[in-house]
Structures are given as structure tokens and as C-alpha cells.
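The values are calculated or read from the model by the stated rules, or taken from the named source; none is laboratory data. In this text, all values refer to a predicted model and were calculated from it rather than measured experimentally. Cβ: placed from backbone, ideal geometry, glycine included. Neighbour counts: every protein chain shown. Protein only, heavy atoms only, side chains kept; ligands, DNA and RNA dropped before computing areas. Shrake-Rupley method; radii C 1.70, N 1.55, O 1.52, S 1.80 Å.
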Amino acid sequence: MSVVGARPQFVKLAAVAAAFGNTEHHHTIVHTGQHYDADLSDVFFTGLSIPEPHVHLSIGSGTHGVQTGTILAALDPVIAAARPEWVLVYGDTNSTLAGALSAAKQHIPVAHLEAGLRSFNRRMPEEHNRVLTDHAADLLLAPTEEAVHHLAAEGLADRVVLTGDVMVDVCLRIRDKVLRDKATAAPPAALNAQEPYLFATLHRAENTDHPDRLAALVDALAGLPVPVVLAAHPRLLARAEDFGIKLDNGSLHISRPLPYAELIRTVLGSRGVITDSGGLQKEAFLLERVCTTLRTETEWPETLRGGWNTLVPDPREPGSQAWLDTVLRPAPRSSRGMPYGDGKAAPRVVRALEDHARGSQAR
Ligand code: UD1
């Protein structure tokens, strides 16, 4: 049973559901409803051909406690009725933690996909979710060597399997499709002409939920001398409105959140990415676009090697010229290697679940 609820989890689910589709296993999908806007949810199921969820909990928004607690309470009877062989939780959202807790308390084995990532920033809600989920889970499916080291340092080495990153499976598949369809592609809807542009997203609480911080980031983007396509997450729109910050301003072109293939096409068409998203840092890296990350740290340090990704905690700090030079820097010549695996992580995830199933010969 896969428990998912937020946008990045649907992308990972696409790879896992396809891998299960090639087996005899019965794979049940539970959607918590943490993300409920069609732009953040439905378009991923249709665009990535993910089977319809078997159960939809329709939880919606709330404070962390309310959201996590409501999902936990709603999941209990679902997991109790199905008693799956495994509950598989993804990434670092409130849905991840709630899924892990509900299963662990019912003695159902829990596997955590994307285990072992750490920002070491305990103010991030995602960091609490990652650490707590890893310690509750029975099987830790790590995407990178770095993640394996973090888990070992926390005494969890005996539960770890290095699978590679399932997001690579999806990103490369969709990239190839987008490149095949290239002839018919139009420039991003937010732009009028085929001009060089940067692509940006901004949604993390530490960037959106403080008026001064959000205003400074929006100013830094709006003041750039090239068009910036900003695909706006509902959290960003809501906070900007609360704080009276105008987003459609200067160089900024605001678009709705993009469906996955459109996102890949927009990154490929861009000269660089500016973001606070974890997934997009990696997508930029895989698609060979430079990325500037508006955070103090990253869970994906492999992207920093050779300068493909650069952390800019505060665009005002280095001064406007340095900010400009950073976001418009040319792509490095250094080789990126394959730190996230070979695009075949999802079948490895399925194999790891088979090998570690209760009573399996392999254990
Ligand atoms: C969540 C995850 C984050 C992940 C992100 C991907 C947590 C703590 N955070 O952040 O790890 O990177 O998803 O997008 O689980 N909203 C809508 N419509 C929606 C969803 C959200 O309007 O479909 C608005 C609501 O006002 C809500 C706010 O966005 O309060 C934040 O949503 P929430 O689910 O709490 O977190 P995200 O910022 O999306």
C-alpha cells in the first residue's frame, strides 16, 4: 500500500506504480488529500498515467498537528481493513509521517522511500518528518550514498537498501518524450515570445511565511534583467496576498503550477532555474540547467559539485551584481556523474520489498 498526498509524492508514485504494474503484486494507492488543488494533484495522475487512488481521505489543509493528526486518524481504519504486506511512504511531508505512524502502531511493516535525506535544519517541518519516519520504518530505501551514510550515523544501517532515486526514472522518461515532441512545442504560456528566460518556484514555509523575507525574494526575482517564469504554488499565492505583496511585477511572469511534462519542457527551454524545491534542484541537474537554490542548505549536496547548483540564502547578501552573476552563470563544463542512479530505481524498490517481506527466504 502506497500512502501519498502531496505533489512530489505523485511523481515518485508514478515510477513505483509502473514497476508494480509489471508484477503480480496487488498495489493499493491511498491519497490523503493533503494536496487537493487539481493543479497539484489530478494533473499528475492523468499526465503520468498513475492508476486512480483506491482510497481518497480528502484531508486538506491545517496546522501541522491538525493535518498530521487528521491523516493519522483517517488512515488507521484503512490500514486495519487492508492489512497490507507493506505500507510504503514517500519523502518528507506530513502525509509521510502520518502513514508511517499509523502502520507502525498496527505492526504493519513500513518502508520509507527516499530515506536518509537530511538538511540538518531542525526548523524545517520536512526535517522532522524525515527523521521521525526513518526511525519508525522497518525498511529504508535510500536514493544516494550520502543518504546511506546519514542513516548509518543514526544507527539505522541494518535497515537500509540503496536503490537510487525513483525520480530519475520519471524525469528521464518524460525528458525523452518532451524531446521527441519538441517540434510542436510552444514557448511557456506565461511568455509572449521565444526569449531566454529563467524558471522559478518558491513554496517552502521558511521563504513564504515571513513578509520581509518573501518581499525580498520577490524583489530579487522581479529585478532581474531577463524574464522569470514563476510557477506559483498555492501557498505562495496565499501568503503574497496576505502580506500585500504583488507577484506580477517587473520581470516576473506568473503561471499556475505546471503539469510534470510541462515543467520538464519549461526547464529544458530555460537558461537556468531558481527554486527552493528539493525535486526541482535535481531535475535541473538531470536536465543540465544551472540551478540557484534560495536556501541555506540542501538535502541533495551532489547537485552542488562542480557548480551545477548554488545555494543563495539571501539574494541581498552578495549584492545585486553577484546575485545576477550567479543566476545567469553559464553551465559548468564539469561532468555530473550519476549520483542519483541509472533511472531504474523503481524495479529495485519492488525487489527490496519482496526480499524483505515478512517470512521471505531472503531475510
Ligand atoms: C508540502 C510539504 C513539502 C513539499 C510540498 C510540495 C509538508 C510539511 N510539506 O508543502 O514537504 O515539498 O508539499 O508541494 O508536508 N494549498 C492549497 N491547495 C493545495 C495544497 C495546499 O491551496 O492543494 C495551500 C493551503 O493554503 C495550505 C498551504 O498551501 O495551507 C500549504 O500546504 P501544505 O500541504 O501545508 O504544504 P506545502 O507548502 O504544499
Within region 131-159, residues being touching a residue at least 40 places away in the same chain (Cβ under 8 Å) and either of a type in the set (S, T, N, Q) or within 16 Å of the ligand (Cβ to nearest atom) (or both) number 3
Contact list, first residue from region 289-306 and outside the structural domain of residue 147 (by TED's automatic domain parsing) and farther than 23 Å from residue 228 by Cα, second anywhere and crowded, with 21+ Cβ neighbours inside 10 Å and at pLDDT 95 or above, beta-carbon distance below 6 Å, six or more apart or interchain, is 299/117; 299/278; 300/281; 300/282
By residue number, the members of region 46-95 that are part of a loop (DSSP other than H, G, I, E, B), within 13 Å of the ligand (Cβ to nearest atom) and open to solvent by less than 60 Å² (accessible area, probe 1.4 Å) are 59, 60, 62, 91, 92, 93
When restricted to 300, 308, the only residue of a type in the set (Phe, Trp, Tyr), buried (at least 23 other Cβ atoms within 10 Å of the Cβ) and modelled with pLDDT of 95 or more is 300
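Residues are listed down the side, and each one gets a yes or a no for (1) in contact with a His (Cβ under 9 Å, 6 or more places away or on another chain); (2) of a type in the set (S, T, N, Q):
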site	(1), (2)
23	no, yes
29	yes, no
32	yes, yes
36	no, no
48	no, no
51	yes, no
57	yes, no
65	no, no
68	no, yes
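Given the options 343, 279, name the one that is assigned to a loop (DSSP other than H, G, I, E, B), open to solvent by less than 50 Å² (accessible area, probe 1.4 Å) and small (Gly, Ala, Ser). Step through it out loud before you land on a result.
Numbers: 279 fails: assigned to a loop (DSSP other than H, G, I, E, B).
Step by step, each of 343, 279 is checked, and only 343 is assigned to a loop (DSSP other than H, G, I, E, B), open to solvent by less than 50 Å² (accessible area, probe 1.4 Å) and small (Gly, Ala, Ser).
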Of (1) away from the ligand (no atom under 16 Å from the Cβ); (2) surrounded by fewer than 23 Cβ atoms within 10 Å (Cβ to Cβ); (3) part of a loop (DSSP other than H, G, I, E, B), residue 315 satisfies every one except (2)
Selection over region 8-45 where residues are in contact (Cβ under 8 Å) with a residue 60 or more places away in the chain, open to solvent by less than 30 Å² (accessible area, probe 1.4 Å) and assigned to a loop (DSSP other than H, G, I, E, B) yields a count of 3
